[in-house]
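Take a look at the structure set out below.
The values are calculated or read from the model by the stated rules, or taken from the named source; none is laboratory data. Given the structure is predicted, the values throughout are model-derived calculations rather than measurements. No Cβ is skipped: glycine too gets one built from the backbone with ideal geometry, and neighbour counts run over all protein chains shown.
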Amino acid sequence: MATTTFSTRRPIAPGALGRLSRNPASPWRHVDVVLIGCVVAVAALGCLMIFSSTRGRNPADFDTSYLARQLLFIGIGAGAMALTALVDYRRYRELAPLAYLAVLLLLVLVVSGLGSEKKGTQAWFQLGPFQLQPSELAKIVVVVTLASVIAHFESELDIARLGAVLAVVGVPMALILLQPDLGTTLVFVAVGMGMLLIGGARVRHIVALTAVGVSMVALVLNSGMLESYQRCRLTVFVDQESSDCAARDAGYNVDQAQVATGAGGPFGKGLFNGTQTRLDNVPEQHTDFIFTAVGEELGFIGSGSLLALLGLIAWRIWRTAQMARDPLGTLICVGVLSMFVFQVFENIGMTMGIMPVTGIPLPFMSYGGSSTLTAFIAMGLVLNVHMRRFS
Amino acid sequence: MNPDSPRLRLSVLGVVTFSLFAALFARLWYLQVMANDEFQVAAEANRIRVVAVEAPRGRILDRDGQVIVDNRVSVQVTVDRSVLGELEPEERHAVLSQVADGMARSGIPSTVEVLEERIADDRFSPYVPVPVAGDVPEDLKIWIDEHADELPSVAANRVAVRHYPYGQLAGHVVGYTGKISKEEVDSVTRELAETKPYTLNDEIGKSGIERLYESELRGTPGVRRIEVDVDGDPVRIIDEDPPAPGDDIVLNLDIDVQAVAEQALQGGLERARQRSCNNCEAPSVGAVGSTVVLDPHDGDVLAMASFPTFSPADLVDGISGTEWSFLNDRANRYPLNNWALQGQYAPGSTFKPFTAQAALKAGLIQPNTVIYDDGVYEVPGCRGDSCRFSNDNSKAFGNVDLRKSLTVSSDFYYYDLGARFWIDQDNVGGPEAMADRLKEWGFHADTGIDLPSEQSGRIPSPEWLRTYCDDVGTCSEDDRAWRTGKSVNMAIGQGEVLVTPLQLASAYATLANGGTRWVPQVVREVRDGVTREVKRTIEPKKAGTVEMAPDWRQAMIDGLVGVTTEEGGTALGAFRGFPSDAFPVAAKTGTAQVNNKAPTALFAAFGPRADPSFAVSVLLEESGYGGATAAPVARRLFDVLSGTEPLPPASPGGALPVDTQLSPDPGDVRD
């Protein structure tokens, strides 16, 4: 795994903790405990909801297999977050090209036939009992690489440099679109746009890029590139009633997701009491549709609190972006923020019927190893920038 | 501020982020707070399936508590047409031939063709599996269950079906049940549909008591609420209202008397077929007949037989198309019909007591009025063949009073009454007077019996004729006019007069009790299906009264008792050897002429004279003279009703022994 290589590079120096009390600029004095607290709280809630939606259909069932695996993923993720925070982010600049090429290689391999296919998308490497999704790791690598590149250009993004930036984000994006994984591709669009905005791209370039992006989406939707079920998933949210997609799975999925969320009401049905959740009426509930379990069982109080926690995380990332001591730090945070906010909005929006259905996990909540690991590493980057804002 | 300032741009990003979160909050508020109710309903609908659990149907018992109908479990083989329809032709054939082989191994001969015919039968609802075989042995069920994978669409289920301990006895009265049809689903009363809702696989009473007392007999289906998962598979039972059995219906019928009535009726028809019918226009057919026994005290129906019979048990597991066509074929005289109340016949001489009462009431005669009967009656002031009416064989009876007119069955006496009703209409109450008086006996109207499909018969009158002609539209001016001859014919129960055997028995019961017309009632009480407590008693219902002065009654009953006891009485032969001193029977024979067919043989009677407990009517279609073929059937009934011969307990289950040895043969009786 590309990320684990970071840890071997620089073990914790003996005495590093010893300096904590004396040096006011010591990174260890500036760890963002609010962010960590929020992440831990969301991940804990995620475990609870994953358990609720996978424990079995009978009220008496208590299947803990998914819960156990998710706890393991969170453990690995937390470790990876700590390791990511440990190494000064400025050192990642040197590592970025290597990591970027490694990720590109993995992406090529996964679409070339070595990857495993599930539901028409070739996005996984099957590693024993676990699955590795290179597109998840690619998000982190692209954020860091892009930050390095834009920081290197010192915010002077003329058309040539803009082209270079677009190439950095575009190549992995194209490979992921080949899988095809539209959701993750869109994450790259969000990350790219966010980082270009902060990185100093001209306003007219951003407008032009947006126009090109919109027309390309229109082109893709109307061309034969997408299978009809994919097109339905994307457009069903616009017209849930009359479209011929409504009768298909996509409409069903969105319907059931909203029924679950809506049925929760202000106070929810109570933990483990959600019938839509227990009886598996919402497909993919423990992964992409985990928010509906919160909605049904914990109601507006619970899901609103979750949204608030996620908002708090976004605010801490944004705040860190502002406080970063250099453009690289700001850009890394902006990349993570764009990725995080887009995923939260797309994922929750999709379960509530205001966004198209694309397979994007909800950070720290959705069941899954690669996505959990990515989310934690991303927070590790933010913690890294935050704690080193004075050093 | 410089638009390129990173701070400003970061703020823009912050605002965008904030707006996106705000949008999520707004949508969440809408879904969970504003539209919560709607989604809650949807979630419950997702989760809960309500399944009806069929309840056992109530039983039907006779007046002594003998069980005529109850329930038992039958293993039924069904084929689901929707599943079968999706198979390839070869596959379909393979499945069905396997089923046919399996059935054959279990001793039920069948072929693919027979099965296909059953499956194609459109009498079964397309939404429920078609029963192709009922009462199959347990080993066939085991075989089908074990081979479920190889036999798509085929199932063997245990179902509760109607059970008839007495076989086909009283089949017309109790009726039969069957799968509810689409039309029946729509036609059940709202109250019944709400308290005992039907599903497409449910049984419903199709005829007889089963149909009329459907709302009592039907059990209240249980409701089971099941939680299902996304695949529709049951996860657990949430709660259940257990089914409640339907109410028991206790009949006024005495199953032992019913058995005798059915046996005697079949014996009478058998004998009619064997006898040659002298002077008849056609040979006797003896294919259709009916017998009714009423209690004159209250209208209780003690027995009601109709021939040809059918066995309700044959219709239990669904019936094959050929059997069903057999039951509905005119050539087989519609075995499902209850001719005792659906058949309408000219009553012939059995009608005479009613003409007599009408004439007495109109003042046309007194009981001792004597009319000279010279055998041939000519309508006054009319010449020609159409004005001449003769006794059977033109036999002259000489001086005839009311008593004798009944005993010897003088047509002449009644021709005269009929003619005078019309000719003297200004003195007797107008042109409708005769018909109106006769209708007081319950003719030309439903008796109100608690059985479906009753026919109301007909008493013709000038007004009726006009209405009839208006409806038909092909009457000539001559046809429309009422003539004396019509009244003359009507007086002896011929012409356009039609009665049902039930009406005839009811009218004789009215005569027997002195003029109170009771509604004939089959059902005695409704009992709770579980506690057996009486929930409702059906009280006798008075339908009307007929004026009957004591001296009229005296003369009429004298005359009618003479029929079975006096020399010259038309049923003396049939009642030879009967203990008439101890149990005098008042009776009247009837022989109604039918164009180009053997006459309808009728006999109506009641007894014992002092306090009549039984009123009986017997009618045999195309069977010759009433005294010769119908009277012996009643004689057999009176043998057991009077206690002269022991009343044999009806034999459960077994085939009905036909009573061909009706005793004694009355010889060649006229009328």
Where the second residue is part of a helix (DSSP H, G or I) and at pLDDT 95 or above and the first is small (G, A, S) and lies in region B:1-30, which pairs have Cβ atoms under 6 Å and are six or more apart or on separate chains? B:G14/A:W318
Restricting attention to region A:55-74, does a residue exist that is under 30 Å from A:L331 (Cβ atoms) and away from chain B (no Cβ under 14 Å)? yes
When region B:30-49 is examined, which residues are found to be closer than 19 Å to A:G304 by Cα, surrounded by 14 or more Cβ atoms within 10 Å (Cβ to Cβ) and either of a type in the set (D, E, K, R) or more than 7 Å from every other protein chain (Cβ to nearest Cβ) (or both)? B:Y30
If we take region B:157-208, then helices (runs of 4 or more DSSP H) inside it with 3 or more residues that are touching a Phe, Trp or Tyr at 6+ places or on another chain (Cβ under 9 Å) and surrounded by 15 or more Cβ atoms within 10 Å (Cβ to Cβ) are B:171-174
Hey, among B:A650, B:A605, which residue is modelled with pLDDT under 90, of a type in the set (A, V, I, L, M, F, W, C) and within 29 Å of the chain's Cα centre (by Cα)? B:A650
Can you work out which of the residues in region A:257-285 that are under 22 Å from B:G232 (Cβ atoms) and of a type in the set (V, I, T) is modelled with the highest pLDDT? A:V259
Which condition breaks for B:G493 when tested against (1) without any contact (Cβ under 8 Å) to a residue 12 or more places away in the chain; (2) in contact with a Leu (Cβ under 9 Å, 6 or more places away or on another chain); (3) on the phi > 0 side of the Ramachandran plot? (1)
Show the residue pairs that are 6+ apart or on different chains and have beta-carbon atoms under 9 Å apart, the first residue being within region A:161-173 and polar (S, T, N, Q), the second being part of a helix (DSSP H, G or I). none
Give the residue that is surrounded by the most Cβ atoms within 10 Å (Cβ to Cβ), with candidates limited to residues of region B:224-245 that are within 14 Å of chain A (Cβ to nearest Cβ) and in a loop (DSSP other than H, G, I, E, B). B:D229
Of (1) crowded, with 20+ Cβ neighbours inside 10 Å; (2) free of Cβ contacts under 8 Å to residues at least 24 places away in the same chain, B:S325 satisfies all except one. Which? (1)
Would you mind telling me which numbered condition in (1) farther than 25 Å from A:R91 by Cβ; (2) within 14 Å of chain B (Cβ to nearest Cβ); (3) under 21 Å from the mean Cα position of the chain (by Cα) A:L196 fails? (1)
For region B:141-153, check the following and say yes or no: at least one residue is at pLDDT 90 or above and in a strand (DSSP E or B). no
Between B:V130, B:V159, B:V83, B:V79, which is in the same structural domain as B:I209 (by TED's automatic domain parsing), among the β-branched types (V, I, T) and modelled with pLDDT of 85 or more? B:V79
Do we have B:A358 as in a helix (DSSP H, G or I), over 29 Å from B:D551 (Cα atoms) and not charged (D, E, K, R) here? no
Please enumerate the residues belonging to region A:152-211 that are outside any helix (DSSP H, G or I) and either of a type in the set (D, E) or more than 17 Å from B:L13 (Cα to Cα) (or both). A:F153, A:E154, A:E156, A:L157, A:D158, A:Q179, A:P180, A:D181
Please indicate, with yes or no, whether at least one residue in region B:12-28 is more than 9 Å from chain A (Cβ to nearest Cβ), in contact with a helix residue (DSSP H, G or I) (Cβ under 8 Å, 6 or more places away or on another chain) and more than 26 Å from B:V223 (Cα to Cα). no
Among the residues of region A:69-86, are any without any contact (Cβ under 8 Å) to a residue 60 or more places away in the chain, hydroxyl-bearing (S, T, Y) and farther than 18 Å from A:F125 by Cα? no
Can you tell me which residue in region B:367-409 is nearest to the chain's Cα centre (by Cα), limited to those that are part of a strand (DSSP E or B) and surrounded by 17 or more Cβ atoms within 10 Å (Cβ to Cβ)? B:F389
Tell me the residue from B:V561, B:V534, B:V546 that is touching a helix residue (DSSP H, G or I) at 6+ places or on another chain (Cβ under 6 Å) and in the same structural domain as B:L302 (by TED's automatic domain parsing), please. B:V546
Restricting attention to region B:158-184, which residues are within 30 Å of B:W339 (Cβ to Cβ) and among the β-branched types (V, I, T)? B:V161, B:V173, B:V174, B:T177, B:I180
Where B:R7 falls short, out of the listed (1) more than 30 Å from A:A263 (Cα to Cα); (2) within 10 Å of another protein chain (Cβ to nearest Cβ); (3) surrounded by 14 or more Cβ atoms within 10 Å (Cβ to Cβ): (3)
Mind checking which helices (runs of 4 or more DSSP H) fall wholly inside region A:260-376 and carry at least 3 residues that are within 13 Å of chain B (Cβ to nearest Cβ) and among the hydroxyl-bearing types (S, T, Y)? A:290-323, A:327-351
Does region B:30-47 contain at least one residue that is under 30 Å from B:E227 (Cβ atoms), part of a strand (DSSP E or B) and of a type in the set (V, I, T)? no
Filter result for B:A52 (out of contact with any strand residue (DSSP E or B) (no Cβ under 6 Å at 6 or more places or on another chain) and either more than 7 Å from every other protein chain (Cβ to nearest Cβ) or surrounded by fewer than 13 Cβ atoms within 10 Å (Cβ to Cβ) (or both)): yes
